[in-house]
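Read the structure below first, then the notes.
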Amino acid sequence: MVRNAAQTAFEALSDPIRRRILHLLAENDETTAGALADAIQEVGRTAISSHLRVLRSAALVVERREGRYRYYALHPDGPVLDALGFLQSILAQGASPASTGAPAASPIVTSSDDEVADAAEAS
């Protein structure tokens, strides 16, 4: 089976720790693996490095080496644009649920994984 860039990006985005890494990189432009590990304490530094490897392989993150440090940043032209285009096409097709007889979808709300967990515990 041949995998395209959007499929690889979706697979990389399927993990909540990787999504959190991307969120931190979006907030900080560029940072080290150590700084990411300090910010995400649910997993160790080795796991952060493994997640960064997956994100690099999916071309969602770029790496810059300076001396003994590696700096990570979001890939500005990576396959995430393909994934977004795919999602936008689905949303455009689904904009008219009455034409398909399907129930209207609830609006998309973005929230952190912590907020989702808190809501699940509250119910």
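No value in this document is a laboratory result; all are computed from the given coordinates. Quantities reported herein were computed from a predicted structural model and do not represent experimental measurements. Don't worry about glycine lacking a Cβ; one is built from the backbone with ideal geometry, like all the others, and counts go over all protein chains shown.
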- [ ] Give me the number: length gained by fully extending Leu84 to Asp38, i.e. 0.36 nm times residue separation minus the C-alpha to C-alpha distance, one decimal in nm.
- [x] 13.6 nm
Open item on the list: Can you tally the net charge around Leu87? Count Lys and Arg as +1, Asp and Glu as -1, for every other residue whose Cβ sits under 15 Å from the Cβ of Leu87.
Closed with: -1
Task: Compactness index (Cα Rg / 2.2 N^0.38 Å), region 5-74 - done: 1.01
Task: Sequence-distant residues sharing a close amide H with Tyr71 (under 5 Å, placed H) - done: Arg64, Arg65, Glu66
Task: In nm, spacing of pseudo-spin labels at Asp29 and Ser49 (7 Å Cα→C-beta vector) - done: 2.7
Task: Extension reserve of the Arg19-Ala73 stretch, reckoned as 0.36 nm per residue once the Cα distance is removed - done: 18.1 nm
